[in-house]
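Participant: The structure follows.
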Amino acid sequence: MLPRHHIILGAIFSFLLFWLFSLTLLQASLIFLASILIDFDHYLWHIQKKKDLSLRNAYLFLKKLDKNPTKPLMMLFHTIEFHILIALLGFLWMGFFYILIGMAFHSIIDLLYFGKRNMIYIREFSLIRYLILKKKYPKKYF
Ligand SMILES: [Zn+2]
């Protein structure tokens, strides 16, 4: 899904929560920012795989790959393990719970987006499963 769609949906979602549950501006902002910035892992993935720091190149490469996937991708911030880590950090600072809400919203939108296109297989949502399968079938995964 394109970043602009996540920005629009994240803004609507965080505004609704702000309005419905009388959240503070900080809490709503954390939800909104997390719902967008979770995709920063795509840029990190591109840097690691392509050894290229260009944000524009990362955007164009991943946009093309999303339309025509060849192998499943593992995006670290989108994994269930990373969501659990953020939930655990919520016990140290309450703000992480709002970050988790934004991340979970984003992940649900991604799942619906890929599910609707019968492309759910292009993502690996578990870091542990990815590491096991990548070791077993190195050519099957990016
Ligand atoms: Zn995403």
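Quick note: the coordinates plus some simple rules give every number you see, no bench work behind them. Remember, it's a predicted structure, so these values are computed and weren't measured experimentally.
Participant: Given H placed 1.01 Å from N in the peptide plane, which residues other than close sequence neighbours of L73 have an amide H under 5 Å from its amide H?
Facilitator: Amide H neighbours of L73: R123, E124.
Participant: With springs only between Cα atoms under 10 Å apart, run a GNM on the chain and tell me which of H46, H78, H106 wobbles the most.
Facilitator: Fluctuation is largest for H46.
Participant: Right, something else. For the chain, take the longest principal axis of its alpha carbons; what is the angle in degrees between that and the long axis of helix 25-37, to the nearest 10 within 0 to 90?
Facilitator: So the helix axis and the longest Cα principal axis differ by about 10 degrees.
Participant: While we're on this one: How many lysine pairs does segment 3-136 hold where the Cα atoms are under 21 Å apart and the two sit 8 or more places apart or on different chains?
Facilitator: So the count works out to 25.
Participant: Continuing with the same structure: Pick from F21, F82, F61 the residue whose mean-square fluctuation is largest in a GNM of the chain, springs joining Cα atoms under 10 Å.
Facilitator: Its mean-square fluctuation being the largest, the pick is F21.
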